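Coordinate-derived values only; no laboratory data. All values derive from a computational prediction rather than experimental measurement. When we count neighbours, we look across all protein chains shown, and the Cβ atoms used for this are built from the backbone with ideal geometry, even at glycine.
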Amino acid sequence: MHIHELNPWRTLIALSVFVIVIIVGFLTMSKPLLTYHLNMVESIKEVDDTDLYFYPWELESVINKETNSIILFDIRDNFIYGQGHIPGAENMSANELSKEDNIKRLEELKENGFTVVLYGEDELQANGPLMLFRQAGFDNIKILPGGYNYYLEHKTDLKSTENDDSFIKGIPRYDFAEMAAPKDSGTKAVADKKPVQVQRRQKASVAAGGC
Amino acid sequence: MIVLAFGTIFISKDKEPKQIDPQQLLAELVQPTRYVTTDQIAKLIIAKDPSLLLMDVRDEDAYNEYSLPGAINFPIDSLMSKDYLGYLGIPGTKVVFYSNDDIKADKIWILAKRMGFNSIYVMKGGLNGWMETIINPAEPDETEPNSAFETYSFRKGAQLFFTGSENESDETSKIEVQVRRKEKASGAAGGC
């Protein structure tokens, strides 16, 4: 006779303990540092969102410490950051963004209602981290278009950047079709006659010398 | 036990379609390895490399007006369309995104990467950069290193290739000769 048949309760107890252990295991599973908060459709919508831009002329109030709700993060390497950065910016180099401390810091800033502005060498460098953090639910993160390079060129007169669009990306700067248009057939016809013309030219110059 | 087994089915259904871990995505997107230069693309197009798949991520009108040779229009909504996604992730191909410059292409790269696609790249500089380097390359200064001149002579050749000249061998040199001829002819006439 099996022992369980003696006490049917034991079976039930064993089963419920098993279930509880599994449930506890699920609940205490280590939570990943980053999870997606935006699904693909929402992320695609955000691609053309210009609200994510923190424009260079808006920097002035940050540099002059007129506002303290904005934190600048320089994502360039620590060494390059040391050579010069926007006043007041903190360094959080791109390679260290995934460190737990840094993500905790960003979470803290988000909870306390700070706006975080990322900038790199140019807009492209900060674009990836911006998108990732936005998709991971940090809706307080923005980007400085033009990046540090643009800031450096215009730091003496940030106000004037309001009338400048050279740092704005996504605009065609040329008439592509016209610029890359095939050379018209007229040029080609002339080109075919060339070898003859070369000979004539030489003779002409000799004659000129004789005179 | 049976209840738990059913539970696991629901867990896997909750998740979005295939996508990579955010942490892994972050690690990959801080690497600049996804960027290719306009020169590299020009070389691949000239060599008719069959593994190159150019994706023009601008809208359809812009694409119809001008696009790189062999490029496929891949507007951003394509990321949600199964037909278009079929272009990505074909073994043995290199997919290169380009836009007017590189930001939009880079964004699409990140979204595609999140969906787990590999061997995808971004053409740095985009079409603006293409015009500046390939279609209308700037001559290097005399002080610049030799490599700058080598790049320039490659670009000059590529320029002829892409502006569609048929006698691509030395059209520009012929044009220069023509100019000289005119000057000398008039000079001789004056002398006599």
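Summary table
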read-out	value
Exercise: per-residue mean of other protein chain Cβ atoms within 10 Å, B:127-134	4
Inter-chain Cβ neighbour average for residues B:135-147, partner chain, 10 Å	1
The range A:106-139-the range B:47-96 distance, computed between alpha-carbon centres (Å)	29
Cβ neighbours within 10 Å from other chains - mean over A:7-13	0
Ranked A:Leu27, A:Leu52, criterion: other C-beta atoms within 10 Å, fewest first	A:Leu27, A:Leu52
Counting all C-alpha pairs of the range A:33-107, share separated by more than 19 Å (%)	55
Among B:143-149, A:124-130, the order from most to least packed when residues are scored by Cβ within 10 Å on average	A:124-130, B:143-149
Using distinct alpha-carbon pairs, which all enter the 1/r mean, Kirkwood radius of the range A:40-163 in Å	14.7
Neighbour-count order for B:Leu160, A:Leu106, fewest beta carbons within 10 angstrom listed first	B:Leu160, A:Leu106
For the range A:40-163: relative contact order, % (alpha-carbon pairs under 8 angstrom, 6 or more apart)	30
Taking the convex hull of Cα positions in the range B:9-133, its mean projected area over all directions (nm²)	8.5
Likely footprinting exposure, B:Met131, B:Met80, B:Met123, A:Met179, fewest C-beta neighbours within 10 Å first	B:Met80, A:Met179, B:Met131, B:Met123
Cross-link pairs beyond the 22 Å C-alpha cut-off, checked among A:Lys110/B:Lys113; A:Lys45/A:Lys142; A:Lys65/A:Lys159	A:Lys110/B:Lys113
